[in-house]
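**Q** Pasting a structure below so you can have a look.
The values are calculated or read from the model by the stated rules, or taken from the named source; none is laboratory data. Everything numeric in this text was worked out from a predicted model, so none of it was measured. We place every Cβ from the backbone using ideal geometry, glycine too, and count neighbours over all the protein chains shown.
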């Protein structure tokens, strides 16, 4: 690789990986607002070169800063562009759908764990002379969980098929993410209710899962923003159909 132009990062850079400059991270990826450039920044050029080699080995293109930034005050000033200038927004958009679906799958697995924990509890817990799982109100919660689990899996399949077909699947992934995030929260909440006091204690994993899945309705796009986008796409598609 030859010597490449250096890029200056102005303004505030938000790092949302949980790493941060002072916590031992080798590099951070930032999306620059001006021109939406994808920027790969590192304190030390050798780390940047190593990272770039791994990126290129995977068939991608990385631009490298051939300088050693030893002074912490210079961190975030010198950086290299990852990919093509002015293409950052497009790169991010391509990854949004698959990333959202990966998160739906992860938290769906956590919801399954909570539901299975609740099922184990209600089948072993005796209330008023019979198993808690034989009582109508408990059965209603169990059935609702089974429905939400099946519906989330079905929407995931629809989104997966669209992505596999080469589409950005913006509508399909938005629908799956919005429904999935809310359904997962409902499943875990019902599981906690079925487990009673144990469901909100540290004795079972349900309470911890409930805390972890709640933010999913916020990150990867809040449910309200996805609903706005879903409706806009539907209206736009109808206008195009009518030739308006």
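**Q** Can you name the helices (runs of 4 or more DSSP H) wholly within the range 136-244 that have at least 1 residues being in the same structural domain as residue 121 (by TED's automatic domain parsing), in contact with a helix residue (DSSP H, G or I) (Cβ under 6 Å, 6 or more places away or on another chain) and closer than 21 Å to residue 124 by Cβ?
**A** Output list reads 136-164, 170-194, 206-213.
**Q** Being touching a strand residue (DSSP E or B) at 6+ places or on another chain (Cβ under 9 Å) and without any contact (Cβ under 8 Å) to a residue 60 or more places away in the chain is the filter here, so list the residues in the range 113-124 that pass it.
**A** 123, 124
Here is a yes/no grid of residues against (1) modelled with pLDDT of 95 or more; (2) more than 16 Å from the chain's Cα centre (by Cα); (3) farther than 22 Å from residue 112 by Cα:
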| site | (1), (2), (3) |
| --- | --- |
| 144 | yes, yes, no |
| 151 | yes, yes, no |
| 182 | yes, no, no |
| 186 | yes, yes, no |
| 191 | yes, yes, no |
| 198 | no, yes, no |
| 213 | no, no, no |
| 243 | no, yes, yes |
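**Q** Condition check: more than 24 Å from residue 94 (Cα to Cα) and free of Cβ contacts under 8 Å to residues at least 40 places away in the same chain. Does residue 167 satisfy that?
**A** The answer is no for residue 167.
**Q** Would you say residue 110 is at negative phi and touching a helix residue (DSSP H, G or I) at 6+ places or on another chain (Cβ under 7 Å)?
**A** It is true that residue 110 is at negative phi and touching a helix residue (DSSP H, G or I) at 6+ places or on another chain (Cβ under 7 Å).
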